[in-house]
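**Student:** The structure under discussion is supplied below as structure tokens; questions concerning it will follow.
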Amino acid sequence: MFATDDILTLCKTPLNGFIKMLTMSRISLFLLFIILSAPASADNALQYLNTLRQQAGMLLLKQESHLTTSATKHALYLARNKQGKIRSFYDAHIQNRNAPLFIGNNVSDRAKRMSYPHSVVSENISVGNSNVRDAIDLLMSGIYHRFGFLDFSIDEIGVGIKQSNYVFNMGRNDISRTCTNPGRNALSTQGYDCAGIPVTEQYWNKICKAIPQYARYEKPYDLKCANGNLLKQSYMTNFCRNPPESALFKGVGRFYELCDGRYQVDAHWFDQACHNDAARYQWDGNYYQVCQNKTRVHSEWFEERCQSSARHQRYTESGEFYDFCASKKKIRAEYYRKLNQQKYKKNPYYVVWPANNAQRVMTTFLEEFPDPLPDMSVSGYPLSLQFNPGLVNRISIKKFQLFRHHGGEKQSVNEVRFMHSKNDPNKKFTALQFAWFPLKPLAIRTRYSVNIEAVVDGQLKKITWHFKTGNGKNYGSDVIPAKYRGE
């Protein structure tokens, strides 16, 4: 069994337009089990998976044609190129570009190559079972794979089978619809820094399309008036082209040398010009470079336009977006979180496994990659509890009890390893996922009951359920098979 992280990229576009990359992970998993077996049929894969999800109270999956094609082509690739000789995650999930039947490096690439609208796709793979039901049971015995099948967000799947290679590609129809036909609120837009005020692209374009001439920056004339005023450069340029006779110095009194020293201008005339509104420079001399062509505009004019923007013209998005659409559409992070919430509400408050009243539960867990129990080769079938991330924020497990019912007696099973996000050796668990591994295989054909006490968002909750084990059939065989390969 192998697992790794496919990266779902969260991008952030600050107001200056540069892109900062953030990441979050989705789990793509592989289970490796080699036995001598015959090819299997995928006819009942969806039905059986939905039976399991229905037992857990979860949203049922629908078959999706593009995911089915992607999974099938990858199963063909594995059958052609690996022939059961798979020893690592890369052998199972990553295709070699130079190998026959190559369609894509990873599951996201393969799904998009088959025209699936987005890359939010996870993958489970099993190799070596005689039928798809055994393959699914085997995957459900591995805690990381189990959480993949019992994901609160998936709603569709494609199954591919070739010989003893079983490929399951899981995706989301709500994201497919969003990428194919996004509503106006789904698409991320660019925000602009308007003198420290975030504004929308529409308002920014409105400013850029209508910059009046008087707002365009011109530097003031170099010589400052005696009263501290400045004169317009354009006014003095026109003056120097053809100064009036009355402005020129007549030889008596004070004068200024202006126009690059070409004229001596009477000081009285110049002082009067300093009080003339047509000549007076009314700005502070600072400017902003704005819009695509870096137009210089007077700072006071620009700041006033920014401050006068209406509420609906202010940019209120986080600036974060996801680029998972094959169409390259940028989906607002806020909208993506809204999709998640809508999907979470269709699923239960929590999910336990084995499900309540489950029958013929497997007794043993062997290996998974990465290995949740690196110091052990065999344990009992793991029990799990996961809470809905759309309905629950914080969890603290206070008590766990596992009881074996035998001969009318209730016997406590005390040798159990508790796993959570802080001690998961592979850092795959979220803060809302928990598992308990009996250190010894469970007894066959035996009823077990589970009692858990947890503080859920400040409230004490008691969770109880029971299940019954089967006849000891594990991994497609009545006994633990000798031919188990994987490291």
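The values are calculated or read from the model by the stated rules, or taken from the named source; none is laboratory data. Please read these numbers as outputs of a predicted model, since none were measured by experiment. Every residue, glycine among them, receives a Cβ derived from its backbone with ideal geometry; neighbour counts consider all protein chains shown.
Each row is one residue, and each column tells you yes or no for (1) modelled with pLDDT under 95; (2) not assigned by the TED database to the domain that holds residue 53.
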| site | (1), (2) |
| --- | --- |
| 272 | yes, yes |
| 279 | yes, yes |
| 299 | yes, yes |
| 336 | no, no |
| 357 | no, yes |
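**Student:** Same structure, new question: Report every pair of residues separated by at least 6 positions or lying on different chains whose Cβ atoms are under 7 Å apart, first residue within segment 230-241 and in the same structural domain as residue 283 (by the TED database) and buried (at least 20 other Cβ atoms within 10 Å of the Cβ), second among the aliphatic types (A, V, I, L, M) and in a helix (DSSP H, G or I).
**Tutor:** Sorted first by the residue in segment 230-241, then by its partner, the pairs are 231/273.
**Student:** Consider segment 146-164. How many of its residues are in a strand (DSSP E or B) and not basic (Lys, Arg)?
**Tutor:** So in segment 146-164, the residues in a strand (DSSP E or B) come out as 156-162.
Checking the rest, the ones that are also not basic (Lys, Arg) come to 156-161.
Count: 6.
**Student:** Would you pick out the residues in segment 257-281 that are within 19 Å of residue 219 (Cβ to Cβ), surrounded by 13 or more Cβ atoms within 10 Å (Cβ to Cβ) and not hydrophobic (A, V, I, L, M, F, W, C)?
**Tutor:** Across segment 257-281, the qualifying residues are 280, 281.
**Student:** Quick one: is residue 394 on the phi < 0 side of the Ramachandran plot, among the basic types (Lys, Arg) and under 29 Å from the mean Cα position of the chain (by Cα)? Full working, then the answer.
**Tutor:** Numbers: on the phi < 0 side of the Ramachandran plot: yes; among the basic types (Lys, Arg): yes; under 29 Å from the mean Cα position of the chain (by Cα): yes.
Criteria met by residue 394.
**Student:** Go through 188, 153 for me and flag whichever is crowded, with 18+ Cβ neighbours inside 10 Å and touching a strand residue (DSSP E or B) at 6+ places or on another chain (Cβ under 6 Å).
**Tutor:** On the way: 153 fails: touching a strand residue (DSSP E or B) at 6+ places or on another chain (Cβ under 6 Å).
Checking each option against the conditions leaves just 188.
**Student:** Let me confirm something: among 74, 118, which residue is in contact with a Ser or Thr (Cβ under 9 Å, 6 or more places away or on another chain), closer than 30 Å to residue 51 by Cα and surrounded by 15 or more Cβ atoms within 10 Å (Cβ to Cβ)? Let's see the steps before the verdict.
**Tutor:** Numbers: 74 fails: in contact with a Ser or Thr (Cβ under 9 Å, 6 or more places away or on another chain).
Just a single option satisfies the conditions, and that option is 118.
**Student:** If I filter segment 334-386 down to residues being over 30 Å from residue 321 (Cβ atoms) and of a type in the set (Ser, Thr, Tyr), which single residue comes out as surrounded by the fewest Cβ atoms within 10 Å (Cβ to Cβ)?
**Tutor:** Here is the first cut: in segment 334-386, the ones over 30 Å from residue 321 (Cβ atoms) are 348-385.
With of a type in the set (Ser, Thr, Tyr) added as a condition, the list becomes 349-350, 363-364, 377, 379, 381, 384.
On the way: 349: 14, 350: 21, 363: 21, 364: 21, 377: 11, 379: 21, 381: 22, 384: 20.
The extreme case among them is 377.
**Student:** May I pose another question? Would a scan of segment 333-348 turn up a residue that is of a type in the set (A, V, I, L, M, F, W, C), more than 28 Å from residue 210 (Cα to Cα) and within 32 Å of the chain's Cα centre (by Cα)? Reasoning before the result, please.
**Tutor:** Here is the first cut: in segment 333-348, the ones of a type in the set (A, V, I, L, M, F, W, C) are 333, 339.
The next check asks that each one be more than 28 Å from residue 210 (Cα to Cα); those that pass are 333, 339.
This time we only want the ones that are within 32 Å of the chain's Cα centre (by Cα), so: 333, 339.
Yes.
**Student:** I would also like to ask the following. For the condition over 27 Å from the mean Cα position of the chain (by Cα), of a type outside the set (Phe, Trp, Tyr) and surrounded by 20 or more Cβ atoms within 10 Å (Cβ to Cβ), what is the one hit in 81, 124, 129, 98? Outline the logic, then answer.
**Tutor:** On the way: 81 fails: surrounded by 20 or more Cβ atoms within 10 Å (Cβ to Cβ); 124 fails: over 27 Å from the mean Cα position of the chain (by Cα); 98 fails: surrounded by 20 or more Cβ atoms within 10 Å (Cβ to Cβ).
Exactly one of 81, 124, 129, 98 is over 27 Å from the mean Cα position of the chain (by Cα), of a type outside the set (Phe, Trp, Tyr) and surrounded by 20 or more Cβ atoms within 10 Å (Cβ to Cβ), namely 129.
**Student:** While we're on this one: Here are the criteria: (1) touching a strand residue (DSSP E or B) at 6+ places or on another chain (Cβ under 6 Å); (2) surrounded by 15 or more Cβ atoms within 10 Å (Cβ to Cβ). Tell me which single one residue 305 does not satisfy.
**Tutor:** (1)
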